[in-house]
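Take a look at the structure set out below.
The values are calculated or read from the model by the stated rules, or taken from the named source; none is laboratory data. Because the structure is predicted, anything quoted here is derived from the model rather than measured. All Cβ positions, even for glycine, are placed from backbone atoms using ideal geometry, and neighbour counts span all protein chains on display.
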Amino acid sequence: MSAERKVSRAAADVGEAPRVLQSRSGAPPRGFAHTDAWIFDLDNTLYPAECNLFAQVDHRMGAFIAHYLGVSYAQARHLQKTYYRQFGTTLAGLMAVHKLDPAAFLAYVHDIDLSVVPEAPELRAAIAALPGRRLIYTNGSRRHAERVAEKLGVLDLFEDICDIAACDYVPKPEADAFQRMVRRHGVAAERAAMFEDMPMNLTAPHDLGMTTVLVHSSYLDHPVQEQMKTWTELPDHIHHMTLDLAEFLAATTRVCGDVSRSRPPPG
Ligand SMILES: [Mg+2]
C-alpha cells in the first residue's frame, strides 16, 4: 500500500480526529510526475476550514434572501439550505427558481471580514515551488478569491482565477463546470491535479483524468462530512488525502524533483 495514499500528518485540532484512510482498490494512485497544471479550490482548501469564513457567508446569504424575497430570516435560511442541496449551490437555486441577478448576490455574500485568515508563508513557499501553472477554481466570485488569496499572501503565484461567472454560473460538482474550466484555461486534464475539500467535487476531475487530492475540511454543514466520518477507505475517485496542504505540496515537489533528476537528459 502506497504511503502517499495515507493521510500525511497527525490529526489537526478539528474536534474528532480524522482517521488515516487507504484506497479501496489497493491500486497505485495517480501521481504527479507529469503534472503541469495545479488547480486549487479556494474555500476551506487554500485556507483552513477553522477560519470559518463560511459562517459569515452563510449568514449573509440568509440575510440577502430574506430581503430579496421579502420573507423572514428563518424562511430564508430554509430556502437557502434547500437550494444548496437541490441545486449544488444556493446561487444556482436562486437563479433557477427566482431569476436572481448573480452579481448582486455574490457581491453581498462575499463582503466579509477576512481578519481571521492568517498569512500563510509555508503555503506560499510550497505553491511557489510547484512545477507548472497554478489556477484557482472556485464556485465563488473572482473578487472573493482575490481578497482571500491576497490575505494568505499567495495571490501573485496564480496565473488566473476561474470563478463561477467564468463558468456561466454552472457550479462544481457538475461535470460541465469542469469541462468549461478546462476549455477556458487550455488545461490538459491528464496532466492536471485538482485540490478540493468536498469529495463530490473530485468526481468529475477524476473522470477527466486528473490526479485528485482531498484536503480535509472540518466544515460540517454538509451531509457529505457526516458520510466521511464513516469512511474506512478512500473512494476510488480520490487519489490522495491530506490534512495539511502546505506539507503535502512540499512533499510532492520533493518527489517530483527526485523523479526529474533521475530521468536521462533529453536528446
Ligand atoms: Mg471548498
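Of note:
- Look at segment 232-260: where a residue is assigned by TED's automatic domain parsing to the domain that holds residue 122 and surrounded by fewer than 18 Cβ atoms within 10 Å (Cβ to Cβ) and a partner is among the polar types (S, T, N, Q) and modelled with pLDDT under 90, sitting 6+ places away or on another chain with Cβ atoms under 7 Å, you get 233/22; 233/23; 236/25; 247/8; 251/8.
- Taken as a whole, segment 102-124 holds no residue that is within 16 Å of the ligand (Cβ to nearest atom), in contact (Cβ under 8 Å) with a residue 24 or more places away in the chain, within 21 Å of residue 224 (Cβ to Cβ) and not in a helix (DSSP H, G or I).
- Exactly one residue among 76, 63, 96, 37 is under 30 Å from residue 120 (Cα atoms) and of a type in the set (Gly, Ala, Ser), and that residue is 37.
- Residue match in segment 204-220 (condition: at positive phi and at pLDDT 95 or above): yes
- Scanning segment 38-70 for residues being in contact with a strand residue (DSSP E or B) (Cβ under 6 Å, 6 or more places away or on another chain), among the aliphatic types (A, V, I, L, M) and within 10 Å of the ligand (Cβ to nearest atom) gives a total of 2.
- Residue match in segment 27-37 (condition: within 16 Å of the ligand (Cβ to nearest atom), of a type in the set (Asp, Glu), in contact (Cβ under 8 Å) with a residue 12 or more places away in the chain and out of contact with any Asp or Glu (no Cβ under 6 Å at 6 or more places or on another chain)): no
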